1. For the chain, count the residues as N, evaluate 2.2 N^0.38 Å, and divide the Cα radius of gyration by that value, please.
2. By how many nm would the segment from Glu49 to Ser122 lengthen if fully extended, with 0.36 nm per residue of separation less the alpha-carbon distance?
3. Among the GluC sites (Glu not before Pro) within the range 51-131, which fall in a DSSP loop and have no more than 11 other Cβ atoms within 10 Å of their own Cβ?
4. For the range 36-80, which trypsin sites (Lys or Arg not before Pro) pass both filters: DSSP loop (anything but H, G, I, E, B) and at most 16 other C-beta atoms within 10 Å?
5. At most 14 other Cβ atoms within 10 Å and a DSSP loop assignment: could you name the chymotrypsin sites (Phe, Trp or Tyr not before Pro) in the range 51-131 that fit?
6. Whole-Hz ³J(HN,Hα) for each residue in the range 99-108, computed from phi via Karplus 6.51 cos²θ - 1.76 cosθ + 1.60 with θ = phi - 60°, x for glycine and proline: what do you get?
7. Report the local net charge at Ala88: Lys and Arg +1, Asp and Glu -1, summed over other residues whose C-beta lies under 14 Å from its C-beta.
Amino acid sequence: MNNKFGVGIIGCGGISVSHFQSYDELPEQCKIIAVSDVNRQAAQRFMKEFAVENYYETWRDLLADERIDVVSICTPHGLHAPMAITAAAAGKHIICEKPMAITVGQTMEMIEACRANNVKLSIGSERFNPR
């Protein structure tokens, strides 16, 4: 991809707006490859606004896309741990919305999965959007 990071976004609800906008403002560094959301209409809205070409019905299918290097997990917090652990096993770097998980045990599992698979994990805890 010409040294760009391929990005996949899981979840196209309200919190994902800042993720989409941030990636969209970095066209030299990254490209949004695909989205996944159980609400196909929400995904289609973002696909149109941000010129995303690929939609996956399941987040697991998105993780199988070899063009994706980084995933943003923008889903309800009860889903963060299983998605992040699976993403790490797939070799994807992870940007996960807060809260990280619903138990300390799950957070430790996420950290260990990332360490074991040599991928980065970032938790979004601050955001500023002047728009």
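1. That works out to 0.98 for the chain.
2. So the extension gain works out to 23.7 nm.
3. Glu53, Glu66, Glu126
4. Passing sites in the range 36-80 are Arg67.
5. Passing both the DSSP loop test and the Cβ count: Phe128.
6. For the range 99-108, the Karplus curve yields x, 4, 7, 9, 9, 4, x, 5, 5, 5 Hz.
7. Net local charge, Ala88 excluded: +1.
Each reported figure results from applying straightforward, stated rules to the coordinates on display, with no laboratory input. Owing to the predicted nature of the structure, the values given are computational and were not obtained by experimental measurement. Neighbour counts run over all protein chains shown; Cβ positions are idealised from the backbone, glycine included.
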